[in-house]
Amino acid sequence: MASDTIFGYNTPKAGHRAIRFCIGTDVGHVFLNESVLFGLWNIFGIVPRTLDLGSMIGVIASWTMHGNFAHLMGNTFILLQILFLFGLFENNAYRTTLKLIVASGVATWVIASPLTIHIGASGLCFAMLGYMIGGAVFARRWGYLLACIIMGTGYWLIIKQGLMPQPGVSFAAHFGGLCAGLLLGATSKHHYTSVSRHQ
């Protein structure tokens, strides 16, 4: 596995693949939605506890749907920073990201209010944040403790506002994503490989 050496330990580069996947897919879907589908992609958002095809698509793909360009850029900017920190300490960043996408989507589908529709990547952002908190607190993955401090320092107000119910903002996606991430992070395991030193 390709890696960098930081503080005498191998740190994986697997996060690069997760970054390319998330940002490329997110921006690509918005371009297709606006230029080819004329906004129709957004109808496949998460509709809580509804078993139709559209809602099931939303569970795994709502993070690629955005109301407008400002919504896209706001989520993408934060997601990119989280993915960078995520990739530094997660050996299986790509696979874990896919798990968090599904887990946050399912959590939103379960707890959100009926007759609503939920789109956007903020649920995934909170799921990744929850995963790092869960990994740091319960699985003793201390690299994630550093990542949490960095994110908390820079985005405390945004995180706080995101966890407060307010019109036009999916509290269910934020809270559900955070809880799903906490659960996955708490049960995660990680082992760094010491670097051999030669005289």
Query raised in the report: Which shape class applies to the range 97-182: rounded if a/c is under 1.5, otherwise prolate when a/b exceeds b/c and oblate if not, where a ≥ b ≥ c are the square roots of the Cα gyration tensor eigenvalues?
Result: oblate
Query - Burial ranking of peptide ranges 74-82, 59-67 (average Cβ count within 10 Å, highest at the top) - result: 59-67, 74-82
Requested in this report: Arrange the peptides 119-128, 94-103 so that the one whose residues have, on average, the most other Cβ atoms within 10 Å appears first.
Outcome: 119-128, 94-103
Requested in this report: Work out, step by step, the length gained on full extension between VAL169 and LEU157: first 0.36 nm times the residue separation, then minus their alpha carbon distance; give nm to one decimal.
Outcome: 2.8 nm
Report summary line: Semi-axes of the range 66-129 from the Cα gyration tensor (sqrt of 5 times each eigenvalue, largest first, whole Å) come to 22, 16, 7
Requested in this report: Skip the ligands, DNA and RNA, and give the accessible area per residue of the range 38-81 with a 1.4 Å probe, whole Å².
Outcome: 52
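The values are calculated or read from the model by the stated rules, or taken from the named source; none is laboratory data. Since the model is a prediction, treat every value here as computed from it, not as a measurement. In this analysis, Cβ positions are derived from the backbone assuming ideal geometry, glycine residues included, and neighbour counts consider all displayed protein chains. The area values use the complete protein model at the heavy-atom level, side chains included, leaving out ligands, DNA and RNA. Shrake-Rupley method; radii C 1.70, N 1.55, O 1.52, S 1.80 Å.
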